[in-house]
Amino acid sequence: MDTILTINLEKLFSKLELMHKSYMSKIQTIFDELLPYKKVRAKENKG
């Protein structure tokens with residue numbers, strides 16, 4: 001019983017880790033797309 005539970009937990013954690021990684025990479029992509037826009041805006045504001 002304990003071994004089955006352990007294996008299932010390991011599978012669950014690896015799934016969560018994969019989800020987390022893909023989620024973080026999506027966020028990173030969004031930030032990368034937004035940053036140039038912010039820099040352009042800052043230049044316009046200065047002048």
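Determine, yes or no, whether Lys43 is assigned to a helix (DSSP H, G or I) and either of a type in the set (Asp, Glu) or modelled with pLDDT of 95 or more (or both). When the stated conditions are applied, Lys43 does not pass them.
Please verify whether Glu17 is assigned to a helix (DSSP H, G or I), modelled with pLDDT of 95 or more and out of contact with any Cys (no Cβ under 6 Å at 6 or more places or on another chain), treating the condition exactly as stated. First the steps, then the outcome.
Working: assigned to a helix (DSSP H, G or I): yes; modelled with pLDDT of 95 or more: yes; out of contact with any Cys (no Cβ under 6 Å at 6 or more places or on another chain): yes.
So Glu17 fits the description; yes.
The values are calculated or read from the model by the stated rules, or taken from the named source; none is laboratory data. Remember, predicted model here, so these are calculated numbers, not experimental data. All Cβ positions, glycine included, derive from the backbone under ideal geometry; neighbour counts span all protein chains shown.
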